[in-house]
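The values are calculated or read from the model by the stated rules, or taken from the named source; none is laboratory data. Not measured: the values here are computed from a predicted model. Note that we place each Cβ from the backbone using ideal geometry, even for glycine, and neighbour counts take in every protein chain shown. The area values use the complete protein model at the heavy-atom level, side chains included, leaving out ligands, DNA and RNA. Shrake-Rupley method; radii C 1.70, N 1.55, O 1.52, S 1.80 Å.
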Amino acid sequence: MKRRDVALAFAALVLLWQAAAMLIALPILPTPWKVAQVFVDELLNGSLGVNFLASFWRVTASMLLSVALAAPAGLALGQSKRLNRIFSPVIYLLYPIPKVVLVPVVLLVLGIGDLAKIVLIFLILFFQVLVLVRDQAAGLRPELIQSVRSLGAGRRALFRYVYLPASLPAILTALRQSIGTAVAVLYITESFATKVGLGYYIVFNGGTLLDYPAMYAGVVALSLLGLGLYFTVDWLERWLCPWQYAG
Amino acid sequence: MIQLRALTFGYPGQPPIFDRFDWSVERGEAWAVLGPSGCGKTTLLYLLAGLRFPSDGEVLVNGMRLTRPRPQTGLILQDYGLLPWATVRENVRLGLRVRNFYGPDGTHAPAEHRPSLDVEAWLGRLGLLPFAEQYPSRISGGQRQRTAIARTLALRPDLLLMDEPFSSLDAPTRESLQTLTQELCTEQGLTLVIVTHAIEEAAVLGRKILLLGPHNTAATVIENPDAARTDFRHSDAYQSLCRDLRQRMESPA
């Protein structure tokens, strides 16, 4: 995708928003210009920056934690048919459960601090990464493994030179696919029983203060957070997996 | 160089492919192993490579019983076995990287291994320098197989095992790679065992041809000293050898 096209799409969406705001002409839908002004003001003088950082930390910590735990687990399952036979029924049952329904349970067990929020997002990302990495590792052609073994590679070298690079695209794809869900769940966990985070900021400004421009500033910040993560993963993929873009 | 002694091997639930099978290969010989699908050609090669092990009997290479892949044996497979995420140059370096990773431990790498990643001479010898920065998906099948050969030869093997290496290539590419294989074996003093189902390939590359059938108890060996001659492919002797091999394959004794 070209940058110019993305910028054009952005401009079109802003125009659409502007038109809708002018048509509806109610406080519930302020114009993008008004929201932009409040966004900058809240960022410089208000609490938007602090709330953004709190949300950013929670979602980034969850992503790192899920990759750190799910990638090795997926590699282990993908390499060993026996392990996979034992665990795949469990994963098969757990994978489709919408993890967001666990919000009350996790909040009860882990309390209302950062940990509960990080664990919830982690649960979603963990299974995505686990399944994709496992399938990628299991799908490596036996001929590839045999020929690298014939070069002298034992388990450690196979891991380093075959399984690890082979799983990188799977990790990044899993992250890219689940960023939307992760940010949505972040919003849900932050929308009650907390005093900091973009979810809190949006609900507090929209529901309690009825300050709609500030609420939209929060929505924009949350969107930028999701978009920023998406762009980062996209960039990592281009940087770490250049062969996928060759030719 | 290679001795199979009373080798027995079969897959579970099936009659053994090899039953007390004896065979030996001298240093510097060029062998083609020929037979129909399912006769155990590939299995034999994997046994020689130390990637499979006999249920009975033994495989000796240089007098040593194989318990794992031997650092001085090179293996080339039909599907190239290249890493899709590495460039041609990095693929050719892979074996050296593996050796550098373990160090000269005598099992993964020869005890006299010195860390190096220099493969330029091999890239040059196999005509790969113009494609050195390309990924395998961007080059032709013949270039991919050249990459696999360079990767193997960069490890300075003394024994080269090839499993149907050229069967997915078009005829001119196949013939040029067959000739290249002959040249490299002579240049490097390699012992060659090539497995193939193509009669013509066995006749061109095998100075000795081992004919396998569905159930192997004794080795059927056909001598073919003329394979070393450069114009052999166009000779009458070649034609009559191919006829002979075809007859033997169609009506196994």
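Express the accessible area of the protein assembly as shown per residue in Å², computed with a 1.4 Å probe while the remaining protein chains stay in the model.
48
Rounded, prolate or oblate: which one fits region B:1-67, using the alpha carbon gyration tensor with axes a ≥ b ≥ c (rounded when a/c is under 1.5, else prolate when a/b beats b/c, else oblate)? Could the numbers behind the result be given before it?
Details: a/c = 1.95, a/b = 1.31, b/c = 1.49.
Because a/c hits 1.5 or more and a/b fails to exceed b/c, region B:1-67 counts as oblate.
Mind putting a number on the dipole of the protein assembly as shown about its Cα centre? Charges go on the C-beta only, +1 for Lys and Arg and -1 for Asp and Glu, and I need it in Debye to the nearest 20. Could the numbers behind the result be given before it?
Numbers: 46 positive and 38 negative charges, 172 e Å.
Result for the protein assembly as shown is approximately 820 debye, rounded to the nearest 20.
Measure off 7 Å from each Cα along the Cα-to-Cβ vector at B:R5 and A:L64, then give the distance between these two points in nanometres to one decimal.
About 5.9 nm separates the two model spin labels.
Can you tell me which lysines have their Cα less than 21 Å from the Cα of A:K117? Leave out same-chain residues fewer than eight positions away.
Cross-link targets: A:K99, A:K195.
7 Å from Cα along Cα→Cβ at both A:Y95 and A:L227: what's the point-to-point distance in nm?
3.3
If you stretched the chain out fully between A:A25 and A:Y245, how much longer would it get, using 0.36 nm times the residue separation minus the C-alpha to C-alpha distance? Provide the component values of the computation, followed by the final result.
On the way: separation 220, 0.36 × 220 = 79.20 nm, distance 4.64 nm.
Computed gain between A:A25 and A:Y245 is 74.6 nm.
Given the options A:V133, A:V109, A:V220, which has the most mean-square fluctuation in a GNM of chain A, springs set between C-alpha atoms less than 10 angstrom apart?
Result for chain A, Cα springs under 10 Å: A:V109 fluctuates most.
Could you name the lysines whose alpha carbon sits less than 19 Å from that of B:K208, not counting residues in the same chain fewer than 8 places away?
Leaving aside lysines fewer than 8 places away in the same chain, those within reach of B:K208 are B:K41.
Taking a probe of 1.4 Å and counting only protein heavy atoms, give the total accessible area buried between chains B and A in Å², rounded to the nearest 100.
Working: alone 12040 and 14500 Å², together 24220 Å².
Counting protein atoms only, the buried area is about 2300 Å².
Among A:A157, A:V35, A:S47, whose Cα lies farthest out toward the positive end of the dipole of region A:31-245, if unit charges sit on the beta carbon of Lys, Arg (+1) and Asp, Glu (-1)?
Towards the positive end, the residue furthest out is A:A157.
Please give the FRET efficiency for B:Q188 paired with A:R141, using the beta carbon to beta carbon distance and R0 = 41 Å, rounded to the nearest 0.05.
Given R0 = 41 Å and the Cβ-Cβ separation, E is 0.90.
Find, among the GluC sites (Glu not before Pro) in region B:54-157, those assigned to loop by DSSP (not H, G, I, E, B) with at most 16 other beta-carbon atoms within 10 angstrom.
Sites meeting the loop and neighbour criteria: B:E112, B:E133.
Can you give me the span-like helices of chain A, meaning DSSP H runs with 15 Å or more of Cα extent along the axis and Kyte-Doolittle mean at or above 1.6?
Details: long enough: A:3-24 (32 Å, 1.47); A:32-44 (18 Å, 0.61); A:48-79 (46 Å, 1.28); A:81-94 (19 Å, 0.52); A:114-138 (35 Å, 1.78); A:164-190 (36 Å, 1.10); A:212-240 (41 Å, 0.96).
For chain A, where a helix must reach 15 Å along its axis and average at least 1.6, the hits are A:114-138.
Identify the trypsin sites (Lys or Arg not before Pro) of region B:161-253 meeting these criteria: DSSP loop state and at most 12 other C-beta atoms within 10 Å of the C-beta. Each step should come with its number before you reach the end.
Working: sites: B:R174, B:R207, B:K208, B:R229, B:R233, B:R243, B:R246, B:R248; in loops: B:R207, B:R229.
When the trypsin sites (Lys or Arg not before Pro) of region B:161-253 are filtered for loop state and at most 12 Cβ neighbours within 10 Å, B:R229 remain.
With unit charges on the beta carbon (Lys/Arg positive, Asp/Glu negative), name the residue among B:I2, B:Q239, B:A202 whose Cα is farthest towards the positive pole of the charge dipole of the protein assembly as shown.
B:I2
Out of A:M22, A:M215, A:M63, any idea which swings most in a Gaussian network model of chain A, alpha carbons joined below 10 Å?
A:M22
Show that you can apply the helix-only estimate: for chain A, add -39,500 (n - 2.57) for every DSSP H stretch of four or more residues, divide by all residues, and state [θ] at 222 nm to the nearest 500. Let's see the in-between values first.
Values: 11 runs with 189 residues, N = 247.
Calculated from helices alone, the mean residue ellipticity at 222 nm is -25500 deg cm²/dmol.
Roll a 1.4 angstrom probe over the protein heavy atoms and tell me the percent of accessible area of the protein assembly as shown that is carbon or sulfur. Let's see the in-between values first.
Values: 14900 of 24220 Å².
Within the protein assembly as shown, the accessible surface is 62 percent carbon and sulfur.
Let's test the formula: R0 of 25 Å, r as the Cβ-Cβ distance of B:N62 and B:A198. What FRET efficiency results, to the nearest 0.05?
So the FRET efficiency works out to roughly 0.25.
Which residue, A:T189, A:T173, A:T208, tops the fluctuation ranking in a GNM of chain A built on C-alpha contacts under 10 Å?
Largest GNM mean-square fluctuation: A:T208.
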